[in-house]
1. Cut-off under 12 Å on the C-alpha distance; same-chain residues fewer than 8 positions from K231 excluded. Which aspartates and glutamates are left, in chain and number order?
2. When Lys and Arg each count +1 and Asp and Glu each count -1, what net charge do the other residues less than 12 Å away from E305, Cβ to Cβ, add up to?
3. Rank-order 281-289, 24-32 by packing density, defined as the average count of other C-beta atoms within 10 Å over each peptide's residues, highest first.
4. How big is the equivalent ellipsoid of the range 228-308 along its three axes, where each semi-axis is √(5λ) from the Cα gyration tensor, reported in whole Å from largest to smallest?
5. Kindly identify the range 145-204 as rounded, prolate or oblate by the Cα gyration tensor criterion: order the square roots of the eigenvalues as a ≥ b ≥ c, call it rounded if a/c is under 1.5, otherwise compare a/b with b/c, prolate if a/b is larger, else oblate.
6. Enumerate by residue number the trypsin sites (Lys or Arg not before Pro) in the range 360-390 meeting two conditions: DSSP loop (anything except H, G, I, E, B), and at most 13 other Cβ atoms within 10 Å of the site's Cβ.
7. Which whole-Hz couplings ³J(HN,Hα) result when phi for each residue of the range 474-484 is put into the Karplus expression 6.51 cos²θ - 1.76 cosθ + 1.60, θ = phi - 60°, listed in order with x for Gly and Pro?
8. Under 15 Å from the Cβ of D481, count the other residues' Cβ atoms, weight Lys and Arg +1, Asp and Glu -1, and hand me the total.
Amino acid sequence: MTGGKPFYITTPIYYVNDSPHLGHAYTSVACDALARFMRLDGFNVLFLTGTDEHGQKVAKSARDAGLAPLEFCDRVSQNFRAMTKLMDISNDQFIRTTEERHVKASQGIWQAIAGNKSPKGRDNIYLGKYAGWYAVRDEAFYGEDELIKDANGTRHAPSGAEVEWVEEPSYFFRLSDWQDGLLAYYDAHPDFIAPKSRRNEVVSFVKGGLNDLSVSRTSFDWGVPVPGNPKHVMYVWLDALTNYLTAVGYPDTKAAAYKTFWPADIHVVGKDIVRFHCVYWPAFLMAAGLEVPKRVFAHGWWTVEGHKMSKSLGNFVAPQQLVEQYGVDAVRYFMLRELPFGSDGDFSRRAVVGRINGDLANDFGNLAQRVLSMIQSYCGGKLPGPGALKAADETLLASARALLMKTRTEMAEPAFHRALETIWHVVGDANRYVDEQAPWTLRKTDTARLGTVLYTLAETIRHLAILAQPFVPQAAAKLLDQLSIPPGNRDFAVLATALIPGTVLPKPAGIFPRYVEAAAAP
Ligand code: MSP
């Protein structure tokens, strides 16, 4: 663990019934950009991701695959681990809910909840019988009034998932007694749920009244045994949400990691799992006598070429295929730049190629390439020193120096698209400055001025590259190599320093290649 203020960020843990796809990569990339930004900004970051391996859905997928559940989980969890590597995700931990430490944490929180009384002085957990609807795909219970009937009269969950009627002995969590506590919490912590529209949805859902929640299942056994009654396994969402505590050492609340990182600073989730994170999770934590996370941010969903992504439609997008085709940085940049974080968006190949050839190759790539090439050919590869600065130089440098403050504000939301827009605004300024100053002419007319212009540009590119690291880590690293900035010296603190004239720069190489559609086979 390093020094600095702690910052604990999590992705949802991914169900192992599916192969990794674009949606999973998106949550991971968004968290990664924020985690990297905070690390570079001096925070002591704990970044967690992993896989959600229990429950009826996974048990069924394992059965369908003809494998024992754990064998199946071992295999698919590996695919998610590979996805994190592929997308250049800098997670500090990868948790699996089948790990022993997690079983211990889940049983620990159950015992803590059961050992406390509800705000109305009743048992938080009681034994009863569940009779109602359940959607295996969502791993969620639904009331009759929430279901939607299709043309044939078949009921579906609001997500479109099939539902089945379930009747079985079950333990219940007395969620109804936590309604006032939750509303008071939302009131006292207006930033707990973001964006605002999600917050409003959650508040009105809770105001509408809460039913007690079934928190154990008896019709299958793939889960964490309920302490004291192993005929029951814990409801998979109670087990899954607890992963955020497992990673910091719970149930040992004296563990250094727990003391440092709990409560989490931000759980980033998709909009489909807001209720679990913003209603059930804080209620479980309050009932267990634990602190509630500071923030839950719900992002939107991607469609693909205008359609919902699904295997049956044949438009399932695997991150592997995208990265092979476009490169990891380009995919990361596209995802974070294309749509406001929190909104839905469409993933189209045309849009990806537009961003690659426009923002990356033409704008940033070209800026770096032409400036660094001029330093090579006009100055023998040695960074020139600046002379007296003119207003145009001061203006460009001032906008580069203002980037850290601006992007900090945007990343605090987080608004990745705006942070990138802000950075690229300066890319645009710098490109215009090159055209206006025309160093190729200065080379012949005023070599002192040439030095100032190229130095101003190199210094601007240094700021841009340092701030681009969280989003496009590989390209930014290449660019910083080309500015001869040592790898250990690339955090935001170095923005306060400046390039040293006379530094020898290596031969430049392109950082953002243009995407050229492969010619169709004859
Ligand atoms: N296992 C639960 C989370 C438990 S957290 C304690 C789960 N897993 S999931 O694999 O189904 O989804 C993981 C994340 O991927 C969710 O945040 C979900 O919103 C996101 N996405 C899945 N499909 C998506 C898109 N098409 N677009 C964007 N994100 C989507 O839910």
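1. Candidates past the 8-residue exclusion: E168, D221.
2. Neighbour charge sum, excluding E305 itself: +2.
3. Averaged packing, sorted descending, gives the order 24-32, 281-289.
4. Values: eigenvalues 144, 64, 25 Å².
Taking √(5λ) for each Cα gyration eigenvalue gives 27, 18, 11 Å.
5. Details: a/c = 3.67, a/b = 1.55, b/c = 2.36.
In terms of gyration-tensor shape, oblate.
6. Those satisfying the criteria are K390.
7. Ordered by residue, 3J(HN,Hα) equals 6, 5, 5, 5, 4, 5, 5, 4, 6, 9, 6 Hz.
8. Numbers: positive: R462, K478, R490, K507; negative: D329.
So the environment of D481 carries a net charge of +3.
Laboratory data are not the source of any read-out in this text; all were calculated from the coordinates shown. Source: prediction; values computed, not measured. Please note: Cβ atoms are built from the backbone with ideal geometry, for glycine as well, and neighbour counts cover all protein chains shown.
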